[in-house]
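Single-structure report; data block below.
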Amino acid sequence: MLLSYSHRFLFIHVPKTGGSSISRALAEYVHRPQDHWVNRALGRVGIHVNLYGPERIRRYRFHSTARILQRHLSKETFESSFKFAFVRNPWDRMVSSYHFVAGCATHHRHRRVAQGMDFKDYLRYEAARGKMSQSAMLTDRSGRLLVDFVGRFERLTEDFHRVCRLLGLPCELGHHNRSRHRDYREYYDRESIELVRRHFGDEIELFDYDFDAPMAARETEADAMPSETNIACSAR
């Protein structure tokens, strides 16, 4: 997540939706609690989350949900910030996630995939984990969106520029953390299509996605650039 007190925005970083590129583009405008001496000291002993103490020294997880941020930020900060996030076709997102984990040696689930887990088994594994819901990251317990704007990975550049215009910021979007793969539709059979449809039904309905939804040209979006180092990928 990214929080800016000076420019009043809050970015909720949904994994595999172009968030690394957005984070770099907005880096100069955001609050950096990790630089506070308390968080530097905690980091030296392996603690990288700090939800206690004064608000401005609290440090959140990279992919904190809107619900968590609503709970731990002051009401004034949360409500006065322009809150935005990006989402992605879940069938495409799962293919991207599979290849990302497979290609990132420092990822904590890399060994599981590298030891021969095929894509369909990976889908079953993620469904059983129940940790990758885009809608759960952006809604309250009743399913109401907690963000002001939801952009689409499929039109990442266009929607990000719209956010920048709303914030009055002169941002340019680079592209980082690519996972190289074929058209996502080539990875699916009828069973795996329905597995994703059942497990991610809430977000498919909320964000109006379909298996055959058209995609933006990959060579101009976040999946079109060389991947970062394994150190960078471990943060994803």
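The values are calculated or read from the model by the stated rules, or taken from the named source; none is laboratory data. Treat the numbers as computed from the prediction; the structure is a model and nothing was measured. Here the Cβ is made from the backbone with ideal geometry for all residues, glycine too, and neighbour counts use every protein chain on show. Please note that ligands, DNA and RNA were not included when accessible areas were found on the heavy atoms of the full protein model with its side chains. Shrake-Rupley method; radii C 1.70, N 1.55, O 1.52, S 1.80 Å.
Only helices (runs of 4 or more DSSP H) whose full extent lies in segment 20-91 are considered here, and the ones with at least 1 residues that are over 16 Å from Arg8 (Cα atoms) are 37-44, 66-72. Going by the structure shown, is Val45 without any contact (Cβ under 8 Å) to a residue 60 or more places away in the chain, among the β-branched types (Val, Ile, Thr) and more than 26 Å from Gly130 (Cβ to Cβ)? Answer is yes for this residue.
Of all residues in segment 148-182, how many are open to solvent by less than 20 Å² (accessible area, probe 1.4 Å), at pLDDT 90 or above and of a type in the set (A, V, I, L, M, F, W, C)?
6
Scanning segment 74-103 for residues that are free of Cβ contacts under 8 Å to residues at least 60 places away in the same chain and either polar (S, T, N, Q) or surrounded by fewer than 19 Cβ atoms within 10 Å (Cβ to Cβ) (or both) turns up Ser74, Lys75, Glu76, Glu79. Condition check: open to solvent by less than 20 Å² (accessible area, probe 1.4 Å), within 15 Å of the chain's Cα centre (by Cα) and of a type in the set (Gly, Ala, Ser). Does Ser192 satisfy that? When the stated conditions are applied, Ser192 does not pass them. When every residue of segment 38-56 is checked against the conditions, none turns out to be within 28 Å of Arg162 (Cβ to Cβ) and among the small types (Gly, Ala, Ser). Taken over segment 51-63, the criterion of being surrounded by fewer than 17 Cβ atoms within 10 Å (Cβ to Cβ) and in contact with a strand residue (DSSP E or B) (Cβ under 6 Å, 6 or more places away or on another chain) is satisfied by no residue. Taken over segment 5-50, residues that are in contact with a Phe, Trp or Tyr (Cβ under 7 Å, 6 or more places away or on another chain), open to solvent by 20 Å² or more (accessible area, probe 1.4 Å) and among the aromatic types (Phe, Trp, Tyr) amount to 0.
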